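The values are calculated or read from the model by the stated rules, or taken from the named source; none is laboratory data. Model, not experiment: these values are computed from the prediction. Glycine also receives a Cβ, built like all others from the backbone with ideal geometry; neighbour counts cover every protein chain displayed. Keep in mind that these areas ignore ligands, DNA and RNA; they rest on the heavy atoms of the full protein, side chains included. Shrake-Rupley method; radii C 1.70, N 1.55, O 1.52, S 1.80 Å.
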Amino acid sequence: CPPGKVLRDGPAAMSAGGTLSILRSDSYADLSQYRDQHFRGTRYDQERLLRKSCTLYVGNLSFYTTEEQIHELFGKSGDIKKVIMGLDKVKKTACGFCFVEYYARGDAENAMRYINGTRLDDRIIRTDWDAGFKEGRQYGRGRSGGQVRDEYRQDYDAGRGGYGKTVQCQ
Amino acid sequence: MSRRRHSDDSDAGQPHKRRRTSEPSEIEERLESLICRVGEKSNSSLESNLEGLAGVLEADLPNYKSKILRILCTVARLLPEKLTVYTTLVGLLNARNYNFGGEFVEAMIRQLKECLKVNMYNEAVHLVRFLSDLVNCHVIAAPSMVAMFENFVSVTQEEDVPQVRCDWYMFAFLSSLPWVGKELYEKKDAEMDRLLSQTESYLKRRQKIHVPMLQVWTADKPHPQEEYLDCLWSQIQKLKKDRWQERHILRPYLAFDSILCEALQHNLPPFTPPPHTEDSVYPMPRVIFRMFDYTDDPEGPVMPGSHSVERFVIEENLHCIIKSHWKERKTCAAQLLSYPGNNKIPLNYHIVEVIFAELFQLPSPPHIEVMYTTLLIELCKLQPGSLPQVLAQATEMLYMRLDTMNTTCVDRFINWFSHHLSNFQFRWSWEDWSDCLTQDLEKPKPKFVREVLEKCMRLSYHQRIIDIVPASFSVLSPANPVCIYKYGDESNRSLPGYTVALCLTIAIKNKASNDEIFSILKDVPNPNQDDDDDEGFTFNPLKIEVFVQTLLHLAAKSFSHSFSALAKFHEVFKTLAESDEGKLHVLRVVYEVWKNHPQMIAVLVDKMIRTQIVDCAAVANWIFSSELAHDFTRFYIWEILHSTIRKMNKHVLKIHKELEETKARLARQHKRRDSDDDDDDDDRSSDREDGPLEEQIERLQEKVESAQSEQKNLFLVIFQRFIMLLTEHLVRCETGGIDVFTPWYRSCIERLQQIFLQHHQIIQQYMVTLENLLFTAELDHHILAVFQQFCALQA
């Protein structure tokens, strides 16, 4: 028999009165405005996948951040199924993003609530829902091979190759 | 005459597409929003907001009474931190509409009964407290409230019921007194005195064997870690001595006294506590966590004493705020910091204490650990001038008291502190902790620093950690997480298996198949046997050694590389690790290769369990094996063991869920067929439909039983090994005349406790077996005590 007879949510909560919308608020785990333009399928399909996804996109990583560090940090919200490092399409080296896939959606939600917006390698990292890893998505989409954001940025970022690519070429 | 269709006529005057359901729900949302937001920061005073809202709701009563009732009942249950705001609101409504007041009270009683029926005891306490504060708002007559409390206290006279049941009713009574004690005592002092004396005698006679297991610190200094009912009783006794004068709770109803005292009161219907059933699960006992007192903030407002009722109310309210807003960290931080009374109490200290109370709560924190780290960071962001200092002070105090801190709590302290530091560039005054350098490395303080530095390294990299600590701390610094390959050096060429290892290396680099690997390994002699088997696939430790060492070394670059290696050569692993000894040896070799990189060991063990190269019992046996004795007290070992147990538990739950779902599908199928019975008389076809599902259910049933048996076996193995290890130590100490309580022993016995506490729900199922098989009366009393304390938790 399943352990634990304490009833928490679900039918019991409903019969004892339900909840309040202010307490249902879960803004950190909601979908963001971002939609992957390269996604094959309708907007509806994409949103359906995002809502049941166990995979997070993680951005603003240093190029030097390792899979091990990511595993350690994101492991704090649950068991990780897989980490896929984002790579420069040309150099095949880390280019500052990755995917983290959990076994359970709830663990990914907790990462969105408590790891998103905190630091890894002294940088504030950003997480967002991902519709699911597909081969090819581990590569940057910028013209030079890295991420698009590193093509055009004007600032100097030591952890992300210095100046943006366009600036470097000037 | 124009030919108007019938439908046009009937539609005349009605908007065509109005969806009837959306309008009322909009109104409900508006009502809910109005009610929930009252009491928030506003330009008008709370009193005028409440008065305004009461007017609005009164006007809406004719049309929306049931919705308003539902919303008010829900806020009573779910927003206890705003208790007095809502009792005042109900008081105002009752003054304007007596019937509504009566209906509300009835709805609350119904809700209370429902909560108790479904084991929602924490929420039930809020309801009881709400009802009691309604006495202050002249909604409920004091004598009837006293009568309800008399029924609560009489539960302590019931026979053959778990103590935790009586505890809850006692707690519900006592914890309402800060709000309503004064009023009840004024109206019914004789009855209250009787109740209080019954309380005292119950508290004296109840057993408290469970307390040591739940204490964060075993020491009584500087603050005793009291059992929650004992602490509450002291607080109520002090309140009574102070003539029930309570000044902390915000009581908006006082401003409306002239209106409210004109209102007619209702009598609570007689309330019989629902009887104890087999399905009743009462809250576990708690120990009150205290780390601060008024001496810790000499500059600021005085912190209410540990036995003051103010302390109780503040802590209750802060815990409720976290419970309400745990998902929204910014809101949670803001709500905590805007707790009223900021200038009269050292709010930052209360907040930090309450957060650590939850983080260190035994058996488990109410919320996921990482939430508390992030919440503290948010609080530091909002109060950058004050909160970080309180946090630093708290950290220092926790460090000072490590010697008596429960091992599980130390684990959580390590995780919190290292993660916190990683958000603040690892800045810390490590030199302040140089006292630990002169101590035996197994002592709590140096052990703590070692484990923190190791975790900090995992979040950054080895050189970073060397750089951030003073040179004197190098003895505590983590090892460089490099792989140890025994066949790597030319100087090792005399080792048996060396040439095969070289061969294997080349083959794997050349993308050899599993079959090719097998044939290379055939050449490895078996040190355990005189003659080789024809297939050579029985347990051959050398074969395992050569293969696993070589493969792991080649795949050492990253986790992904190692996982790919495990996947690619899964067949070889499965064959080599077929026997129990094989599994154990694989784990041993993994350890030998990666003992400098505990994180890698953990992820490899995880992967091997999930891909069924090793099983959970093998991991348990490996952890207790003599090869691991050196690392036995290290944090990562216990992380691996608990992770293994959790995987086992999740596995059982998953199959069980599959079984239930398949059973439900069969039931639905039957229902569909029964409803179609008139059309289809073919019994044979319905049997055929059932067949595959019924077969599936049978198979799943077997799977569930086998999984549950594996789960039970895992726990039995773990307990057995603990008993063996501890008994060995105790016997050695007794014959040698040395003190039993070495750091190792303390650590070990607390790890045993941790198993019981972390997995108490599952272990409850095995009580009979444990009692009869393992934790028998012949066992050393030190070990038996742990079991007895555990039994006392739900007694």
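Points to keep in mind about this one:
- C-alpha center-to-center spacing [the range A:22-92, the range B:603-678] in angstrom: 26
- Cross-link pairs beyond the 27 Å C-alpha cut-off, checked among A:Lys76/B:Lys663; B:Lys455/B:Lys595; B:Lys511/B:Lys583; B:Lys447/B:Lys574; B:Lys486/B:Lys509; A:Lys76/B:Lys381: A:Lys76/B:Lys663; B:Lys447/B:Lys574
- Net charge contributed by nearby residues that have their C-beta within less than 13 Å of B:Val164 (K/R +1, D/E -1): +1
- Protein accessible area in the range B:309-476, 1.4 Å probe - carbon and sulfur %: 54
- The convex hull of the Cα atoms of the range B:300-399, projected and averaged over all directions, covers 6.3 nm².
- For chain A, averaging the sequence separation of C-alpha pairs within contact (under 8 Å, six or more residues apart) and dividing by the residue count gives a relative contact order of 23 percent.
- Neighbouring Cβ atoms from other chains, within 10 Å of the Cβ of residues in A:116-129, number 3 on average.
- About the Cα centre, charge dipole magnitude for the protein assembly as shown (Lys/Arg +1, Asp/Glu -1 at Cβ), debye: 3120
- Residue-level accessible surface for B:Arg205, protein heavy atoms, 1.4 Å, Å²: 130
- Amide hydrogen neighbours beyond the local backbone of A:Tyr139, cut-off 5 Å, H modeled: A:Leu87
- Per residue Cα convex hull volume in Å³ - calculated over the range B:25-258: 159
- Taking amide H atoms as placed 1.01 Å from N in the peptide plane, the amide H of B:Trp217 lies under 5 Å from those of B:Asn406, each 5 or more residues away in sequence or on another chain.
- Legend: P(r) of chain A from all alpha carbon pair distances, 5 Å bins from 0, whole percents, reading 1, 8, 15, 17, 17, 15, 10, 6, 4, 3, 2, 1, 0, 0.
- Cα-centred dipole magnitude for chain B, charges only on beta-carbon of K, R (+1) and D, E (-1), debye, nearest 20: 2440
- Positive-end residue, the protein assembly as shown charge dipole about Cα centroid, Cβ charges, pick of B:Ile322, B:Ala792, B:Ser42: B:Ser42
- Solution diffusion estimate, µm²/s, Stokes-Einstein, the range B:256-332, Kirkwood Rh from C-alpha pairs, 25 °C, viscosity 0.890 mPa s: 138
- Sequence-separation-based contact order of chain B, relative, with Cα cut under 8 Å and 6+ spacing, percent: 10
- Lys/Arg +1, Asp/Glu -1 at C-beta; the range B:467-601 dipole; positive extreme among B:Ile508, B:Ala555, B:Ser477: B:Ser477
- Taking the Cα centre of the range B:309-476 as reference, the dipole from Cβ charges on Lys and Arg (+1) and Asp and Glu (-1) amounts to some 440 debye.
- In the range B:309-476, the ratio of gyration radius to Kirkwood radius, Rg to Rh, stands at 0.98 when only Cα atoms are counted.
- For chain B: span of alpha carbons on each principal axis (Å, largest first): 99, 87, 57
- Coordinate range of the alpha-carbon atoms in the range B:574-617 per principal axis, descending: 27, 19, 16 Å.
- Under 14 Å, Cβ to Cβ, from B:Pro470 - net charge with Lys/Arg +1 and Asp/Glu -1: -3
- Karplus-derived 3J(HN,Hα) values for the range A:121-136, using 6.51 cos²θ - 1.76 cosθ + 1.60 with θ = phi - 60°, are 6, 6, 10, 6, 9, 10, 10, 8, 5, 10, 6, x, 6, 9, 3, x Hz; glycine and proline are entered as x.
- In this structure, the amide hydrogen of B:His266, modeled 1.01 Å from its nitrogen in the peptide plane, lies closer than 5 angstrom to those of B:Ile140, B:Ala141, counting only residues at least 5 positions away or on a different chain.
- The protein assembly as shown: C-alpha gyration tensor shape, a/c 1.5 cut-off, then a/b vs b/c: prolate
- Interface residues in the range B:241-286 - accessible area drops by 30 Å² or more relative to the isolated chain, probe 1.4 Å: B:Val281
- Comparing A:Gly106, A:Gly41, A:Gly132 in a Gaussian network model of chain A, where Cα atoms under 10 Å apart are tied by springs, the biggest mean-square fluctuation is seen for A:Gly41.
- By the helix-only formula, in which each DSSP H run with n ≥ 4 contributes -39500 (n - 2.57) and the sum is divided by residues, chain A has a 222 nm mean residue ellipticity of -6500 deg cm²/dmol.
- Convex hull (Cα only) mean projected area of the range A:40-131, reported in nm² to one decimal: 6.0
- Short-range pairs are left out: with C-alpha atoms under 8 Å and at least six residues apart, the relative contact order of the range B:309-476 is 18 percent.
- Buried solvent-accessible surface, both chains (B, A), 1.4 Å probe, Å² to nearest 100: 4600
- The range B:767-781-the range B:89-103 distance, computed between alpha-carbon centres (Å): 58
- 3J(HN,Hα) couplings calculated from phi for the range B:412-417 with the Karplus curve 6.51 cos²θ - 1.76 cosθ + 1.60 (θ = phi - 60°) are, in sequence order, 5, 4, 4, 4, 5, 5 Hz; Gly and Pro show x.
- The HN-Hα couplings worked out from phi for the range B:484-498 by the Karplus form 6.51 cos²θ - 1.76 cosθ + 1.60 (θ = phi - 60°) are 10, 10, 5, 9, x, 8, 3, 5, 8, 5, 7, 5, x, x, 4 Hz, whole numbers, x standing for Gly and Pro.
- Environment charge at B:Ser422 (Cβ cut-off 12 Å; Lys +1, Arg +1, Asp -1, Glu -1): +4
- Taking the helices alone, chain B has a mean residue ellipticity at 222 nm of -20500 deg cm²/dmol, built from -39,500 (n - 2.57) per DSSP H run of at least 4 residues and averaged over all its residues.
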